[in-house]
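So the structure is just underneath, and the comments pick up after that.
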Amino acid sequence: MSNNKMTTCKTCGKEMAKSAKVCPSCGAKNKKPFFTKPWFIVIVALIIIGAIASGGKSKSGNTTAVADKTNSNNSEVKDTTAESTTIAIEYVDYTVDDLMAQLEENALKASNDHKGENVRITGKLGVIDSSGKYITLYPNTDFAITGIQCYIKNDDTKSKVAELSKDSLVTLTGKITDVGEVLGYSLNIDNIE
């Protein structure tokens with residue numbers, strides 16, 4: 001038998017086959033740890049989903065008008081002599097907890113309500129991509145596995161992200177581009193406040 005098929009008995013310390021039900025030396029049972037069993041993994045996943053869903057369900061209805069340069073997010077090279085137009089955009093205030101609770105409650109409704117919406121969102125900074133392409137905001141819980149993936153679209157935003165720290169509370173404005181029950185929300189960042 002090869003080494004990857006062998007284990008040691010937890011009772012007597014002698015070597016035995018992983019597939020053996022009992023130790024041939026001492027007769028002790030060879031049980032797999034309970035945390036490797038599928039039922040345990042399912043229970044942990046349900047607890048995590050429940051924690052995310054119960055993380056605050058109040059929706060803030062505050063809106064704020066902010067001037068946005070329409071040229072700032074375009075990757076195309078434009079004539080610098082042309083005047084840039086300014087459009088007032090209204091942002092709806094949310095927390096990541098609000099949006100994730102709505103997604104957990106009804107993904108289709110969350111997609112219909114928020115896809116294409118301009119938002120001001122506050123959440124806990126989780127992932128900061130090393131290449132500067134995105135950051136991820138999570139609900140204010142310790143067990144969050146999905147959140148809002150926020151894409152960085154310009155160098156100004158990238159320099160602000162370089163100054164942030166993981167687990168800090170971040171407020172940013174942007175437009176929700178996609179909503180999914182597995183991957184959460186996607187957002188293009190307009191500004192980090």
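The values are calculated or read from the model by the stated rules, or taken from the named source; none is laboratory data. Since the structure is predicted, the reported quantities are computational estimates derived from the model, not experimental observations. Cβ: placed from backbone, ideal geometry, glycine included. Neighbour counts: every protein chain shown. The accessibility values were calculated without ligands, DNA or RNA, using every heavy atom of the protein model including side chains. Shrake-Rupley method; radii C 1.70, N 1.55, O 1.52, S 1.80 Å.
Across the range 159-190, which residue is surrounded by the fewest Cβ atoms within 10 Å (Cβ to Cβ) among those that are of a type in the set (A, V, I, L, M) and assigned to a strand (DSSP E or B)?
Taking the range 159-190 first, the residues of a type in the set (A, V, I, L, M) are 161-162, 164, 169-170, 172, 176, 179, 182-183, 187, 189.
Filter again for assigned to a strand (DSSP E or B), leaving 169-170, 172, 176, 179, 187, 189.
Values: L169: 11, V170: 21, L172: 24, I176: 24, V179: 25, L187: 27, I189: 22.
So, considering only residues that are of a type in the set (A, V, I, L, M) and assigned to a strand (DSSP E or B), the one surrounded by the fewest Cβ atoms within 10 Å (Cβ to Cβ) is L169.
List the residue pairs whose Cβ atoms are under 8 Å apart, where the first residue sits in the range 103-121 and is touching a residue at least 12 places away in the same chain (Cβ under 8 Å), the second is surrounded by fewer than 19 Cβ atoms within 10 Å (Cβ to Cβ) and acidic (D, E), and the two are 6 or more positions apart or on different chains.
Going by the 8 Å Cβ cut-off, the qualifying pairs are L103/E181; A107/E181; K115/D178; N118/E90; V119/D93; R120/D93; R120/E193; I121/D93.
Condition first: hydrophobic (A, V, I, L, M, F, W, C) and open to solvent by 30 Å² or more (accessible area, probe 1.4 Å). Can you find one or more residues in the range 98-113 that meet it?
Pass one, the range 98-113, residues hydrophobic (A, V, I, L, M, F, W, C): 99-101, 103, 107-108, 110.
From what's left, open to solvent by 30 Å² or more (accessible area, probe 1.4 Å): 108.
Yes.
Considering only the range 55-64, I want to know if a residue exists there that is β-branched (V, I, T) and either part of a helix (DSSP H, G or I) or at pLDDT 70 or above (or both).
Kept after step one, since they are β-branched (V, I, T), are these residues of the range 55-64: 63-64.
Going one step further and asking which of them are either part of a helix (DSSP H, G or I) or at pLDDT 70 or above (or both), we end up with none.
Looking through the range 55-64, none of the residues is β-branched (V, I, T) and either part of a helix (DSSP H, G or I) or at pLDDT 70 or above (or both).
Within the range 83-97, which residues are open to solvent by less than 10 Å² (accessible area, probe 1.4 Å) and at pLDDT below 90?
Hit for the range 83-97 is V96, nothing else.
When you look at I121, is it modelled with pLDDT of 90 or more, of a type outside the set (S, T, N, Q) and buried (at least 16 other Cβ atoms within 10 Å of the Cβ), yes or no? Quick ask: steps written out before the conclusion?
Details: modelled with pLDDT of 90 or more: yes; of a type outside the set (S, T, N, Q): yes; buried (at least 16 other Cβ atoms within 10 Å of the Cβ): yes.
When the stated conditions are applied, I121 passes them.
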